[in-house]
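Contents: one structure, followed by commentary.
A short reminder: the numbers here are calculations on the coordinates, not readings from a lab. Here the structure is a predicted model, which is why all the values come from computation and not from measurement. FYI the Cβ positions are ideal-geometry reconstructions off the backbone, even for glycines, and counts take in every protein chain you see.
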Amino acid sequence: MMHVCPHCGEKTFSPWLKARCGGMSSVGKPCPKCGKRCVNGKISLALHTVLSLAGLVLIIYNYFTFNSPAEFLLGGVLPFVLAQVIGFVFDMFFCRLIEAIKRE
Ligand SMILES: [Zn+2]
């Protein structure tokens, strides 16, 4: 399953490469064929924002309610890691790539 490059229209982006393109605020990764840079679009940006906020809320909630160091670690670190992993997997398989706006 390859993703379409917004510049040349060819299916050149593997899920692994697409996930590493980053969001709209990043520099992005060059297309293997035409060499122009691409990033993940608005839906990805919105999802990452929601995930980060949810992770942050869980971490703050956990900070006030934890009973043991193990519980603190689980509730304080796990939401953050999960948010990163879910966001990464989403970028791998869903959402279109768009042209990078930011200059190198
Ligand atoms: Zn291309």
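Before rounding to the nearest 500, sum -39500 (n - 2.57) across all DSSP H runs of length at least 4 in the chain and divide by the residue total; then give [θ] at 222 nm in deg cm²/dmol.
Helix-only estimate at 222 nm: -17500 deg cm²/dmol.
List the residues whose amide H sits under 5 Å from the amide H of F13, counting only those 5 or more places along or on another chain, with H placed 1.01 Å from N in the peptide plane.
Residues meeting the criterion, in which the H sits 1.01 Å from N, are H3, C5.
Relative to the longest principal axis of the chain, what angle (0 to 90°, nearest 10) does the C-alpha long axis of helix 42-65 take?
In the chain, helix 42-65 runs at an angle near 10 degrees to the longest axis.
Using +1 at the C-beta of Lys and Arg and -1 at the C-beta of Asp and Glu, which of G28, G9, I43 has the Cα lying farthest in the positive direction of the dipole of the range 3-99?
Towards the positive end, the residue furthest out is G9.
Taking only Cα atoms, what is the 0 to 90° angle, nearest 10, from helix 69-93's long axis to the longest principal axis of the chain?
20
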